[in-house]
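Laboratory data are not the source of any read-out in this text; all were calculated from the coordinates shown. As the structure is a computational prediction, the values presented were derived from the model and not from experiment. When we count neighbours, we look across all protein chains shown, and the Cβ atoms used for this are built from the backbone with ideal geometry, even at glycine.
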Amino acid sequence: MIYTNTQIWTIIILLGIGTYLIRTSFLLIWGNRPLPAWVIQHLRYTAVAILPGLVAPLVLWPAATGGEPDLARGIAAIVTFALAYKTRNVVIAVLGGAVTLGVMLALVD
Amino acid sequence: MTSSTAKSDFWRGFGDGMPFVLGAGPFGLLFAVLATEAGLDVYQVIVMSLLVIAGAAQFAALSQMQDAAPVAMVLMAGLAVNMRMAMYSAALTPHLKDAPFWHRAWAAYILVDNSYAVGIVEFEENPDTTWQTKIQYYLGCALPVWIVWYIATFVGAFVGQAIPASIPIDFAVALTFLALVGPMLRTLPHVAAAFVSAAGTLMLWTLPYNSGLMVAAILAMIVGVQVENWVARRT
């Protein structure tokens, strides 16, 4: 971690305040006044518009291999994604992927 | 008038919120272990979970930090993941608008995916109950996940310290994101948005300060909405 302690605390506190402001946006601030439908429509896609972007480079260019694509990690990623899609259970998917990665790395060695 | 009391409303909500503990417990544990391994100290991990209570956003910030992104980009990534909560806040407001200020302030703090999902189903089935009934129910359904989230983070932060650095958990953050994205791909517009997000970020990787992620996210939202409109026109 390249950050100073002050920077880390800044991140934590501002992320907390920012998240609270988002949560309270309508309950306390905007209230019951109507909002343009297109705004609500775009908000629906925020999470699915950012998480795939976060994960794609992590999977294709893993830090552990110095950014080189890696078979074991690629297969573990596919297994995790397939389990998540099928079961809709985050914990089962992560565990399944971790076991796959462990087995794959053991086979490669 | 039904004979429901504040206490029974609370416990009805509590029962409906209980199953989500099974997801929140391990997820909080995983976050705390990985954040500790990444170099945050125990207090930082615990305070983050107390203030933010949003696993996906905490993981988003963590992965940007591991990537040595500028502080502003770490914050934008975390907050972007949480923007969906503005939609939850808007959906709950018609039901809770008559509650006093501090009740609504409290309700906002514990607004997470689970409390929104359980609460809104109840409120839409029984729209004519009083704000007291609604807020008691909502508090009840949020409480199990909320308490378990704190405990899991607390335990995970200490477990993380005890795990030797030799165990390879470098890929766990990536697997966690994949596990979060899988269930989100419910409809064609969601799939299209996810594709643009992933492909766009990879193609825009060379933009400075990790800003390709944000550019791709905005494009992905627009594509999601456009595909949704297109699907609606066809049917």
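Here the Gaussian network model covers chain B, with springs between Cα atoms less than 10 Å apart; of B:Val52, B:Val74, B:Val181, B:Val181 fluctuates the most.
Applied to region B:54-66, the Karplus parametrisation 6.51 cos²θ - 1.76 cosθ + 1.60 on θ = phi - 60° returns per-residue 3J(HN,Hα) values of 7, x, 4, 5, 5, 5, 4, 4, 4, 5, 5, 5, 5 Hz, with x for Gly and Pro. Considering only A:Gly74, B:Met73, A:Tyr45, and ranking their Cα positions along the charge dipole of the protein assembly as shown that arises from unit charges at the beta-carbon of Lys, Arg, Asp and Glu, the one farthest toward the positive end is A:Tyr45. Each residue of region B:96-113 was assigned a 3J(HN,Hα) from its phi angle through the Karplus expression (A = 6.51, B = -1.76, C = 1.60, θ = phi - 60°), giving 10, 5, 8, 5, x, 3, 6, 5, 5, 4, 5, 4, 5, 4, 9, 7, 10, 3 Hz with x at Gly and Pro. Residue-normalised convex hull volume from the C-alpha trace of chain A: 164 Å³ per residue.
The aspartates and glutamates within cross-link reach of B:Lys7, meaning a Cα-to-Cα straight distance under 18 Å and a gap of 8 or more places when in the same chain, are B:Asp16, B:Glu122. The lysines within cross-link reach of B:Lys97, meaning a Cα-to-Cα straight distance under 20 Å and a gap of 8 or more places when in the same chain, are B:Lys134.
If I take R0 = 30 Å and measure r between the Cβ atoms of B:Ala162 and A:Leu21 in this structure, what FRET efficiency does the formula 1/(1 + (r/R0)^6) give, to the nearest 0.05? Each step should come with its number before you reach the end.
Working: r = 36 Å, r/R0 = 1.20.
Rounded to the nearest 0.05, the efficiency is 0.25.
Rounded to a whole number, what is D in µm²/s for chain B from Stokes-Einstein with the Kirkwood radius over alpha-carbon pairs (20 °C, 1.002 mPa s)?
The estimated diffusion coefficient comes to 110 µm²/s.
Normalised by the number of residues in chain B, the average gap of Cα pairs under 8 Å and 6 or more apart makes the relative contact order 31 percent. Computed 3J(HN,Hα) for region A:91-103, one whole-Hz value per residue from the Karplus formula 6.51 cos²θ - 1.76 cosθ + 1.60 where θ = phi - 60°, is 5, 4, 5, 5, 5, x, x, 5, 5, 4, 4, x, 5, glycine and proline marked x. Shape summary: region B:114-215 maps onto an equivalent ellipsoid whose semi-axes, from the alpha-carbon gyration tensor, are 35, 26, 12 Å in decreasing order.
Taking 25 °C and 0.890 mPa s as the conditions, I'd like the Stokes-Einstein D for the protein assembly as shown in µm²/s, using the Kirkwood hydrodynamic radius from alpha carbon pairs.
Taking Rh from Cα pairs, D becomes 118 µm²/s.
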